[in-house]
Amino acid sequence: MSVKDPLIESVKPKTNWFVVLRPFDGNGVKYVRGEVVSVEGWRHTSMLEQRRYIAPLPYGAEVPEESEVAGVKRRMITVAQETEPKKRKRS
């Protein structure tokens, strides 16, 4: 049994929406990285969160619209392509 840290509990967003950080199978569904899922009714969210399979959707972030990915409707976070900063020439 894990002991809950009151500081972590006070700053953790209160939401049923979580982001999948690592792929896993559950409830007959294969969840993929970047998917936003509602965990309402899930029994083992704290275990999945502790093992870094899921993380709460950050405060202020909007739940993405549902779209079809490989024939399955999912809510996916799209990440903008990051570019490396240009190196400055030394003079």
Residue count, segment 42-64, condition closer than 13 Å to residue 17 by Cβ and in a loop (DSSP other than H, G, I, E, B), comes to 9
Go through segment 27-57 residue by residue and tally those that are surrounded by 15 or more Cβ atoms within 10 Å (Cβ to Cβ) and either of a type in the set (Val, Ile, Thr) or free of Cβ contacts under 8 Å to residues at least 24 places away in the same chain (or both).
8
Only one of (1) under 27 Å from residue 9 (Cα atoms); (2) of a type in the set (A, V, I, L, M); (3) out of contact with any strand residue (DSSP E or B) (no Cβ under 8 Å at 6 or more places or on another chain) fails for residue 72. Which number is that?
(1)
Search result, residues across segment 33-67 that are under 13 Å from residue 78 (Cα atoms) and aliphatic (A, V, I, L, M):
36, 61, 63
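Filter segment 1-11 down to residues that are in a loop (DSSP other than H, G, I, E, B) and either at pLDDT 80 or above or of a type in the set (A, V, I, L, M, F, W, C) (or both) and give me whichever is surrounded by the most Cβ atoms within 10 Å (Cβ to Cβ).
Our first condition is that a residue be in a loop (DSSP other than H, G, I, E, B); within segment 1-11, this holds for 1-5.
Filter again for either at pLDDT 80 or above or of a type in the set (A, V, I, L, M, F, W, C) (or both), leaving 1, 3, 5.
On the way: 1: 2, 3: 5, 5: 10.
Taking the candidates together, the pick is 5.
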Does residue 59 count as touching a Pro at 6+ places or on another chain (Cβ under 7 Å) and at pLDDT below 90?
yes
Please indicate, with yes or no, whether at least one residue in segment 74-91 is exposed (fewer than 12 other Cβ atoms within 10 Å of the Cβ) and not in a loop (DSSP other than H, G, I, E, B).
no
If you check residue 76 against the conditions, is it aliphatic (A, V, I, L, M) and over 12 Å from the mean Cα position of the chain (by Cα)?
no
Select from segment 39-91 the residues that are within 17 Å of residue 25 (Cβ to Cβ) and of a type in the set (Phe, Trp, Tyr) and list them in ascending order.
42, 53
Working only within segment 12-41, note down all residues that are of a type in the set (D, E, K, R) and either touching a Leu at 6+ places or on another chain (Cβ under 6 Å) or in a strand (DSSP E or B) (or both).
25, 30, 35
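The values are calculated or read from the model by the stated rules, or taken from the named source; none is laboratory data. Note that this is a predicted model, so its numbers are computed, not measured. Because the Cβ atoms are built from the backbone with ideal geometry, glycine has one as well, and the counts that use them run over all protein chains shown.
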